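Working notes for the structure below.
Each reported figure results from applying straightforward, stated rules to the coordinates on display, with no laboratory input. Note that the structure is predicted; figures quoted are calculated from it, not measured. Here the Cβ positions follow ideal geometry from the backbone for every residue, glycine too, while neighbour counts run over all protein chains shown.
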Amino acid sequence: MRIVKEAEERKNEILDAAEELFVSKGFDQTSTNDILEKVGIARGTLYYHFKSKEEILDAMIQRMMDQCMARARKAASDKSKSIPERLPQIIRALNMEDRLGEEMLQQMHKPQNALMHQKMQQQMINGIVPLIAELVEDGIKAGMFQTDYPKETVEMLFVYAGTIFDDLTEQTPEEEMRRMEAFIYNIERLFGVEQGALRDDIMGMFAEE
């Protein structure tokens, strides 16, 4: 007997299958036929929900980012924590919590998955920068931060961090520590806070990764 599923359930089935295939084979090496066979559906059913493989990728990344952003918003609104404490909590919220998420991040650093990496990075910038910028603006109102460009400063830091701490960057423990120290030093200068004011909170974030 033919099983008819709700549209949202079917879409998530397709996305789940695509995630596993993109991780194991890479985006370019995965065909729509691979996805069809894994889900067990007809081509027409796939195209009813997604017009192309890239559209599946977009939806998959959006779903992952929605989950991350829900955690990030929760961290940002935690008034029991100080602003310097909430800042690394928001960044931690971007970490993928399950094995598949971790494998997806590793795959995105491979050359054959450059498109996945680019799309995920852009989604993160679009979603997380306004959230952190709002936190910085709260810090400015509280007299904690001093910058005329909160959003632009966060954009600069986020793009820099996404490049300099990329998994492909081979570095010795000494080089890694120096880059972390430099990153914190420049965050404090750009936010206009006393040197060392954010060090413990941000360094604690690095220590957990």
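How long is the gain from residue 134 to residue 186 if the chain were fully straight, where each residue apart is worth 0.36 nm and the alpha carbon distance is subtracted? Present the calculation step by step, with values, prior to reporting the outcome.
Working: separation 52, 0.36 × 52 = 18.72 nm, distance 1.94 nm.
My answer for the length gained is 16.8 nm.
Between residue 122 and residue 12, the FRET efficiency estimated from the beta carbon spacing at R0 = 22 angstrom works out to 0.45.
Counting 0.36 nm for each residue step from residue 178 to residue 67 and taking away their Cα separation leaves a gain of 36.7 nm.
Partner lysines whose Cα lies under 25 Å from the Cα of residue 151, excluding those fewer than 8 positions away in the same chain, are identified as 74, 79, 81, 119, 141.
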